[in-house]
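The values are calculated or read from the model by the stated rules, or taken from the named source; none is laboratory data. Note that the structure is predicted; figures quoted are calculated from it, not measured. Reconstructed Cβ throughout: ideal geometry from the backbone, glycine too, with neighbour counts over all protein chains shown. These area figures cover heavy atoms from the full protein model, side chains too; ligands, DNA and RNA do not enter into them. Shrake-Rupley method; radii C 1.70, N 1.55, O 1.52, S 1.80 Å.
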Amino acid sequence: MIGALGSIAATVVAGALALGRGLIEGTGMVTEGKPFAGLDLVDVRRLRFGGCDVREGSLVKSVSEVFTTISGVGRNGLTELEPDLAALQDRLCRGTVRNCGEAIAGLVPEAALESRSLVDEVESIRRELRHFAESEGTTRVVVVNLASTEPPLERDPCHDRPEDLEAALVGNRASAVRASTLYAYAAVQEGCPYINFTPSDGALIPAIIRLAAEMGVPVMGNDGKTGETLVKSALAPMFGCRNLRVLSWEGFNILGNLDGRVLNHPDNRAAKIRTKDRVLAGILGYAPHSRVHIDYVPSLEDQKTAWDFIHFEGFMGARMSLQFIWQGYDSLLAAPLVLDLVRLADLAGRRGESGLMPHLASFFKAPLGVSEHRLHEQHQMLLDYVERAKASSA
Ligand SMILES: NC(=O)c1ccc[n+]([C@@H]2O[C@H](COP(=O)([O-])OP(=O)(O)OC[C@H]3O[C@@H](n4cnc5c(N)ncnc54)[C@H](O)[C@@H]3O)[C@@H](O)[C@H]2O)c1
C-alpha cells in the first residue's frame, strides 16, 4: 500500500484483520456477494500487508484515529487488533514525495526531502517490493496507490512510450513525473498487479499502461468510486430513460480528515474535480451545467457529506428538481473496495491477464479505457467477467 499510514490503508488492514478474527462480516465488499461464490479469489485471511508512507507514524495510531470517529465499530475491536497491527509496523518503509506539490511536501519534515536521482528512487521502491515478497515468502504482490491526491501532471511527450519514459527517468527529468509515476513504474517492472485508487493522473500514464500490457501485468484506475459519484452514476441514467433533460447538476462536498486537508489545496483539488466531472457527460451524452465543490471542514474528521441539486426539464418545459444528501464514512466506504480490487487484481495476475482491467470499471470514477459510466452496466461487465473466469477454470 502506498500511503500505508493513511485512513483508507489503516481501515483496509484493520478490516481484513477483523474479518479474519470473525469480528465483522464482509458487508460492503462486492466480492463477498453471491455471484462471486466459487470464483478462485484469495481468502482475505491469507492477505499480508505492507507498504510505505512519507509521514512518520504508527499503524495503531492511524487505525485508532479512524475508529474514534466511527460509531458502531467501537474501541473494543481495536484493542483486540492492536498486537497484530503493531506487528505490521516493521513492514512499513519510507516513500518518496518526488514532485508531489507543496500540499504533500508539507506533510514531510524538511530533512526527509532528500534529493536522489529518479533511477535511484525507482530502484529503492523495487528493492522494497522484493524485500516484502521475500519476507512474506510470496511471489504475488499487488500494489495499491492509497496516497494523497497529487496535483494533475501536465502531459509530456515522454508519457506515451515506455522507452521515452525510461529515457526521461535516466535523464532525471523530475518535472515530467510525479511520485505516483515512480511507484507505478516500479510495480509494473516488478511484475506486480497495480491499482490506482487515487485521482493522481501521474500514475497510469499511457507509457506505463503499455509497459504493463507488454510485460503481462494487469493494472487499473483511476479514483475509487465510493460516494457522490457512485450515486451519480446510478441516478443519472434514470433521466435518460425517461427522456428528461438535466439542466444543471451541482454537487457540494464537505469532508474532514487528512484527505480533505490535502484536497483543500487548489492544485490537488483540481485532480479530484477532473475525475468526478467526467461521469455526467459520459452518461447523458451532453454536458449540463455542472460544478463539483469540495470543502474542508476539519471537525467532520472521517465523515463525508455530499449534497447534490439536480435541476431538470420535463413535459411542456416544466422545470423540476431532485436533491439528495449522501452521508458516509470516507474510509469505511473505500476500504472494502480496496480489498475487492486486491483480490480481483491478484486473480487477473494468476489468469495471465495484462494491461487494463476494464471489468473493474464500476470501482472507479474515471475508469481507464472504458467509456461506460452507468453503474448498472459497469457492474454487469464485472458479473460477465466472473462467469467467464468461472467457466475457464471449470
Ligand atoms: N475515501 C474515499 O472514499 C476515497 C475515494 C476515492 C479516492 N480516494 C483517494 O484515496 C487516497 C487516500 O485517501 P485517505 O482518506 O486514506 O487519505 P489520507 O490523507 O488519510 O492518507 C494518505 C496517506 O498517503 C501518504 N502519502 C502522501 N504522499 C505520499 C507518497 N508520495 N508516498 C507515500 N505515501 C504518501 C500520507 O502521508 C497519508 O498517510 C486519496 O488520494 C483520496 O483522494 C479516497
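Worth a mention:
- In loop segments of region 158-216 as defined by DSSP, the trypsin sites (Lys or Arg not before Pro) with at most 16 further C-beta atoms inside 10 Å of their C-beta are ARG173.
- Hull-based mean projected area of region 275-394, where the convex hull spans the alpha carbons, in square nanometres: 10.1 nm²
- Split the accessible area of the chain by element, probe 1.4 Å, and carbon with sulfur accounts for 51%.
- Distance between the pseudo-spin-label points of LYS34 and SER392 (7 Å out from Cα toward the beta carbon): 2.6 nm.
- Cα gyration tensor shape of region 191-275, rounded if a/c is under 1.5, else prolate or oblate by comparing a/b with b/c: oblate
- Helix 118-136 and the longest principal axis of the C-alpha atoms of the chain enclose an angle of approximately 80°.
- Förster-model FRET efficiency, 22 Å R0, ILE254 and ILE24, C-beta, rounded to 0.05: 0.20
- Calculated accessible area for the chain comes out at 44 Å² per residue, all protein chains present (probe 1.4 Å; ligands, DNA, RNA ignored).
- Cα long-axis angle, helix 59-69 against the chain (0 to 90 degrees, to the nearest 10): 20 degrees
- Applying 1/(1 + (r/R0)^6) with R0 = 25 Å to the Cβ-Cβ distance of TYR286 and ASN264 gives a FRET efficiency near 0.20.
- Stretching the chain fully between ASP295 and LEU322 yields a gain of 7.5 nm (0.36 nm per residue, less the alpha carbon separation).
- Relative contact order for the chain, counting Cα pairs under 8 Å that sit 6 or more residues apart, in percent: 20 percent
- Shape of region 173-227, Cα gyration tensor, a/c cut at 1.5: oblate
- Label zone at GLU377, where the point sits 7 Å out along the Cα-to-Cβ direction: region 219-237 residues whose backbone N lies under 17 Å: 230-237
- The antiparallel fraction among DSSP beta bridges confined to the chain stands at about 50%.
- Between ARG173 and THR68, the distance separating the two model label sites (each 7 Å from Cα on the Cα→Cβ line) works out to 4.7 nm.
- Seen against the Cα atoms of the chain and their longest principal axis, helix 7-20 is set at about 80 degrees.
- The alpha-carbon positions of the chain define a convex hull whose volume is 138 Å³ per residue.
- Under the combined filter of DSSP loop state and at most 15 neighbouring Cβ atoms within 10 Å, region 97-175 retains these GluC sites (Glu not before Pro): GLU114, GLU154.
- Residues GLU136 and ASP164, FRET efficiency given R0 of 30 Å [Cβ-Cβ distance, rounded to 0.05]: 0.30
- Gap separating the Cα centres of region 27-45 and region 192-221, nearest whole Å: 24 Å
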